[in-house]
Structures are given as C-alpha cells and as structure tokens.
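Student: Before I ask anything, let me first share the structure, which is written out below as structure tokens.
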Amino acid sequence: MLEWRRRREPSMLMLLASPLIAIGLTMLIGMIVFTAMGYDGFHAVESIFLTPFLEPQRWGDIGVKGAPLVMIALGLAIGFRANVWNIGAEGQYVMGAIAGTGVALLTYDMSGWWILPAMMLAGILGGMAWAAIPAFLRVKLQVSEILTSLMLTYVAVQFLYFLVRGPWKDPGGFNFPQTRMFTADQTLPTVLEGTLVHLGIPAALVLAVIAWLLMEKTTAGYAIKVVGLAPAAARHGGFSAARTTWATMLASGALAGLAGLFEAAGPFGQLTPQFPVGYGFTAIIVAFLGRLNPLGIVFGGIVLAGTYVGGEIAQSTVRLPQAATGLFQATLLFMLLATDVLVRWRIGFKRRAA
Amino acid sequence: MTSAMLVSILMTLIAASTPLLLAALGELVAEKSGVLNLGVEGMMLCGAVAGFAVAFSTGSTGIGLVAAAFAGVAASMIFAVLALSLMANQVATGLALTIFGIGASSLIGAGFVGRTITRLQPVFPAALSEHPILRVIFGHDIVVYLSLALVAGVSWFLRRTRPGLILRAVGENDASAHAIGYPVVAIRYAAVAFGGALAGLGGAYFSLALTPMWADRLTAGRGWIALALVVFSAWKPGRLLLGAYLFGAVMTLELQLKAAGVTWLAPEVLAMAPYLATIAVLTMMSLGRRIGRLDAPACLGKPFSAS
C-alpha cells in the first residue's frame, strides 16, 4: 500500500525539482493526448517545448513574449505570497495600454525624448488605478478581490473596444477599429539591431532583480510573506493586512499597466481589438512555475513564452491548432499544483500490520 | 408596453437566467461542503462544447445535454483530484480548470465553428407553449423546468435531509465531521461532481438553447457571475433563484436596449453592464453584511487532510 507522510520540513530539493517534474509530465501527457487525437504527438511536444529553445533565431521572439509575462507575474507573485488574489491583471494590462495610448494621441504632433517616459508613467498609473478598485473594495468592504478584479477585466476590454471603434478610431485607417500608429518618439527603441527585441525585455529582467531584492532583503518583503503565511502572527507583529493588500495590489497593477504600455508601444505600435491576448492569465502560470520567486519567474516566463513561440511552430509543422497552446499551459499548471504535494509530503510504502 | 412585449421580455429573461442558475446552484452545493471551485467558467465551456459536439453528431439535443453533464463532471474531477486528494491550493486549481476549459473547448470546437443545430424545443404541446400569454409558464424547454425543480430539490436536500445535514457539517467543520466518522473527502468529491454536472448543463444551455451555434468562448464570463451569485445568495438556494433572475433581467435589458436601437448608449457600455452589476451586487452584499450575517461555510476553500 502506498501512503503519504507529511514531511517535518518542506523539501528544498522538491521545491526546485517539482517545476521540472511538472514540465516533464506535461510533455508526456501532451504527447499521449495529442497522439490520441490523431496528431503527431511526439513532434507536437518537440515543436512546443524544444524547438524554440534550440533555434537561436527564435530567442528574440521568446524575449518579446516573455517580457510582459515576467513583468505581470512579478506583481502577481508578490500578491499571492500575501494571499491577495489579483486575477484581473489582464484588465490592468489593458488599462495601462489605454492610458499610455491616451498620452500618445495627445502628443501626436509633438516630438521629444520625454514622450515615451510620459507614456510609461501613464501606463503605470492606468494599471494602478484599475487595481485600486478591487484593493479598495477588499480593504474597506471585504469584497473578494478575486471576483472584482476579474469582472473589471471584462469592463476594461469593452472600454478598449469602445475607444478603438469610437472616439480613438484612426481617421485615416480605412474604417478599421484601431488607433493611429504611434510615431517614432512614441515607440519603444529596439535594443538589438535587426530584431524585435525592445527595451521592455531588459526592463523586465531589471524589475525581476529589484523584486527579488525587495522580497528577500527588506522588511517590507518579509512582512508580505508573514501576512500570507500567518495572518494572526502578522497582526501581532504589527504588520497591517490592509496596507499589504494596498501595496501588493498597486504594485501588481503598476507592473501589469507598464507591461501593457510596453506591448502597445512595442510589438503592437497602436491599439486594436486584438490587444487583449491573455497575458494576464498566463502570467498566473508563470508565477506558480517560478514558485512565486522573482528569479524563478524569469525562468517561468521563458518557458511559457517558449510555448507561445512553439505553438506557432507546431501549427505549421504538425498542423496543431492554436488552442492547443492554451491546453498545454493549463496542463502545466495542473501538473505544477499536483507535484507541489511532493514538497510537503513524502510518498512511501505502508507496512502491513502483521 | 403591450402584453405581447411583456411576455417576450419575460421569455428572454427566463432563458438568460437559466444557465446562471444551474451553474450557481451546483457551485452552491460544492461550497456548502467547503470547496471553493473557481473553475465554473471552465466547466461550463467543457459542457457547452461537449453538448454541441454530441448534439451535432447524433442529431439529438437530449443526448447532447447528458453528454454536457458528463463533461462537466469529468472536468470537475480534475479539480477534485488536485484540490481534494493532493491538497493543492483551491484558488489556483480552479483558475487552472478555467484556463483548461477555454483551451479544450476552443480546440474541440474548432471543427464546429459556424455549424448550427436545431435548438432545444419546448416541452409542452403547441397549444400551450405558443399561447400568447400562457407561454410564459408553458413555453420553455426541459432545462428551464429542470433548473427550477433542482432549486427546490437542493433547498429541501440541504435543509431537510440527513445527507444534506452531513454535507453542511463537512463544510462548517471538517475536523469534527471527520472525527465523528464521516468521509469528508468523499463527500466533497460528490459535491464537486454535482457542481460539475450542473455547470456542464448550464454551459450546454448556451450552445443548445440560447445560441444553437458554436462560437469560441461562448459563455463570456457567465461562470464568474455564477460564482458571484453564490455570494449574493448567502448560500441559500431560494435567494439564488432571485439573484439569477435579477441578472437575467440585467442581460435582457441589455438586449432590449440594443434591439430598440438605443444609440446614446454605446453597445460596449451595455456589454459592461452585467460585470458592473456583479461588482455593485458584491459591494452591496458586503455593506449588508454589517447588518445581517453572511453565512459562508466556515471551511470554505481550506484544504483538509485526515492525518
């Protein structure tokens, strides 16, 4: 008989190994399921999980997809640590892009180095404002931030549709629902000549290091962890749960908003109805894959960005539909949560009573 | 307003409320047992696509409904294994289930985009179901009557039966229930499965009755509204019925204003209405909590292990 035994201390080895086991299991399950569905399962998994990393010309794409995921996940992870479940990052990402685009449309006839920083600031504030609503409702009225932040995502997306079809529609855009293209002063500079690698990618890495220092080396980071692990002890120690909720929600809103602005001023170069691409939800998986650790999140962001790039490869190599990427990502999160049990529990054989 | 208009509005309202009512009622039972399953939207999408695929292939919407319920149960069991047996975080597992449902329904549904089926038909004979006034009562399909019967059934089960009492005890105090000898985890599995079946049915109501045509992400966040409705209901089936029909009214208003060609309000603003209404309702509930008590099960969302 197999039985689970609770470990006295969480296993450090399993803490690091379980994400890798989860990735391995996801590949195995993906292979079986997609073979059963009549696809070339082996090559599907190879295209999604290996090809993007083995072909250097794809690394730029991984960076472009990974940067917003890492930025959003950093904010979410800090909140998750404190048991603050902001799952509306997608809405904050959209609102950040909208606020930044507002500045871009206002400064359309101007030029100057200051325009892009002003757009970034607007993006940050837009995301923060959108996150402030669930933070306020949670702190003042104990309304679940899970549901409110998520509802606000649908509102933000509709607001985006309204703007691009109505007041912000490009007058010279042949009636397409989209804003003007941003000017050179409103677009993120590329950091590597001849690639799409833009300023957002080094920014995401720097932010990860800052978040790591904040979480590991400061009292504020310690307070956040204590509030999440032992709310009663935190109250006793003078750490305020309300302040932690505000701080983590605003921080994650700011990061999601900035990610939205980077995406609008980078790969998109304008706002279109295709702008909400689900990064806010995928970032939840990135946060867990990174074990809610800022440096782990960089790893998680690279893996998930790889599945997007690989999903496109698999579309052309084994004709796997695009939706398969989402299924792989969900399976990965399932496997991460399943293997997490190994950190706290040990599996062993039960001795039969004689 | 003519009586014909009123009848037509009521018909739309009841149809729009039914999937919400089903999904929320299933979640209510799961939460009463102490399990917070945020995967309602994902289970609804699994039900919607399975119902449509089976109805399209067999030509029978009835078999489609049964398949949808099974698909909902199957999806809910992924959640149950992770959250109940492996004690994974329930919030994260529920989210994973929703991401899974979006991906799976999109993948399976890809072959059905734009295909249509015969929608679910009224149960009663035409003399009643097409009567200009009486059709408010007799003009619905089987799922509408089933959803109302289930509200009564669940209410009776939770309040008047012994298994219902045990289920509530498990949700209020799992440790004590375990100590007395009740199988906490097994009871929670059953409650989650029931929630899955109803979410699956609710999802299928979109693809088999409301819009008998497949489209990606057909449920458009209604699963999340169902979760909010459970809070609104204060975990009471009767109030859930009221809440679901209130939300049906909000969505009907949106459709009516659109149909009436209201131009001063942008369609996007109307589309925001159900989500803004959800936030407003949750906020009002919290304000009300200071006066009355909000009866959330004490063990809601907490993992349980026997050892």
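Student: What is the Cα centroid distance between the range B:9-57 and the range B:218-275, reported in whole angstrom?
Tutor: 14
Student: Another question, if that's okay. What is the mean number of Cβ atoms from other protein chains located within 10 Å of the Cβ atom of each residue in peptide B:262-268, rounded to a whole number?
Tutor: Across B:262-268, the average partner-chain Cβ count within 10 Å equals 3.
Student: Taking the Cα centre of the protein assembly as shown as origin and charging only Cβ (+1 Lys, Arg; -1 Asp, Glu), how large is the dipole, in debye to the nearest 20?
Tutor: 2340
Student: Still on this structure, please answer the following. Arrange the following residues from fewest to most other Cβ atoms within 10 Å of their Cβ: B:Arg162, A:Arg5, B:Arg217.
Tutor: Least crowded to most crowded, the residues run B:Arg162, A:Arg5, B:Arg217.
Student: Enter the angle in degrees (range 0 to 90, nearest 10) between the Cα long axis of helix A:219-229 and the first principal axis of the Cα atoms of chain A, meaning the one along which they spread out most.
Tutor: Tilt relative to chain A: about 60 degrees.
Student: For B:Ser286, B:Ser3, B:Ser106, which order do you get if you count the other beta carbons within 10 Å of each Cβ and list the fewest first?
Tutor: Ordered by Cβ neighbours within 10 Å, fewest first: B:Ser3, B:Ser286, B:Ser106.
Student: Additional query: Once you have a ≥ b ≥ c as the square roots of the Cα gyration tensor eigenvalues for the range B:89-173, tell me rounded if a/c is under 1.5, and otherwise prolate or oblate according to whether a/b is larger than b/c.
Tutor: oblate
Student: Hey, another quick one. Among the helices of chain B (complete DSSP H runs), which have Cα atoms covering no less than 20 Å along the helix axis and a Kyte-Doolittle mean of at least -0.5?
Tutor: For chain B, where a helix must reach 20 Å along its axis and average at least -0.5, the hits are B:3-32, B:40-58, B:61-80, B:90-109, B:142-160, B:184-205, B:237-259, B:267-289.
Student: Okay, moving on. So how much slack lies between B:Ala149 and B:Ala127, counting 0.36 nm per residue of separation and subtracting their Cα-Cα distance, in nm?
Tutor: Difference between extended and current length: 5.6 nm.
Student: Could you compute the FRET efficiency for B:His178 and A:Phe349, with r as their C-beta to C-beta distance and R0 at 35 Å, rounded to 0.05?
Tutor: Between B:His178 and A:Phe349 the formula returns 0.90.
Student: Say the dipole of chain B comes from +1 at the beta carbon of Lys and Arg and -1 at that of Asp and Glu; which of B:Leu82, B:Ala104, B:Leu282 then lies farthest toward its positive end?
Tutor: Of the candidates, B:Leu282 comes out farthest on the positive side.
Student: Right, another one. With charges only on Cβ, +1 for K and R and -1 for D and E, what is the dipole size of the range A:1-53 about its Cα centre, in debye, rounded to 20?
Tutor: Here the range A:1-53 has a charge dipole of around 400 debye.
Student: Given the options B:Thr219, B:Gly243, B:Gly261, identify the residue whose Cα lies farthest towards the positive end of the charge dipole of the range B:201-307 (+1 on Cβ of Lys, Arg; -1 on Cβ of Asp, Glu).
Tutor: In the range B:201-307, that residue is B:Gly243.
Student: If you fit an axis through the alpha-carbon atoms of helix A:59-81 and take the longest principal axis of the Cα set of chain A, what angle between them do you get, 0 to 90°, nearest 10?
Tutor: 70
Student: Distances over 28 Å make up what percent of all Cα-Cα pairs in chain A?
Tutor: That fraction is 48 percent.
Student: I've got another one for you. Between A:Thr190 and A:Lys169, what FRET efficiency comes out of the Förster formula 1/(1 + (r/R0)^6) with R0 = 35 Å and r the beta carbon distance, rounded to 0.05?
Tutor: Result of the calculation: an efficiency of 0.80.
Student: Partner chain Cβ atoms within 10 Å, averaged over the residues of B:273-279 - can you pull that number for me?
Tutor: Counting other chains' Cβ atoms within 10 Å and averaging over B:273-279 gives 6.
Student: Next up: Which order do the peptides A:300-311, B:121-132 take when ranked by the mean count of other beta-carbon atoms within 10 Å per residue, highest first?
Tutor: Answer by packing, highest mean first, reads A:300-311, B:121-132.
Student: Arrange A:Ile72, B:Ile14, A:Ile21 by Cβ neighbour counts within 10 Å, fewest through most, would you?
Tutor: In increasing order of surrounding Cβ atoms, one gets A:Ile21, B:Ile14, A:Ile72.
Student: What order do you get for A:276-285, A:125-134 when each peptide is scored by the mean count of other beta carbon atoms within 10 Å, highest first?
Tutor: So the peptides A:276-285, A:125-134, ranked by packing, come out A:125-134, A:276-285.
Student: Another question, then. Just how large is the dipole of the range A:88-221 about the Cα centre, in debye to the nearest 20, putting +1 at every Lys and Arg Cβ and -1 at every Asp and Glu Cβ?
Tutor: It works out to roughly 340 debye.
Student: Also, quick follow-up: Can you list the residues, at least 5 places off or on another chain, whose amide H is less than 5 Å from the amide H of A:Phe239, using H built in the peptide plane?
Tutor: Residues meeting the criterion, in which the H sits 1.01 Å from N, do not exist here.
Student: Calculate the mean, over all residues of peptide B:224-231, of how many other protein chain Cβ atoms lie within 10 angstrom of the residue's Cβ.
Tutor: 3
Student: Where does the range A:238-291 land on Rg(C-alpha)/(2.2 N^0.38 Å)?
Tutor: Against the compact-globule rule of thumb, the ratio is 1.44.
Student: Right, here's the next one. Output the pairs from A:Lys169/B:Lys258; B:Lys32/B:Lys302; A:Lys65/A:Lys225 with a Cα-Cα distance over 24 Å in this structure; if there are none, say none.
Tutor: A:Lys65/A:Lys225
Student: What's the extension gain from A:Leu141 to A:Leu106 if we count 0.36 nm per residue and subtract their Cα-Cα distance?
Tutor: 8.9 nm
Each value in this text was obtained by applying a stated rule to the coordinates, not by laboratory testing. This structure is a prediction, so every number in the text was calculated from the model and none was measured. Don't worry about glycine lacking a Cβ; one is built from the backbone with ideal geometry, like all the others, and counts go over all protein chains shown.
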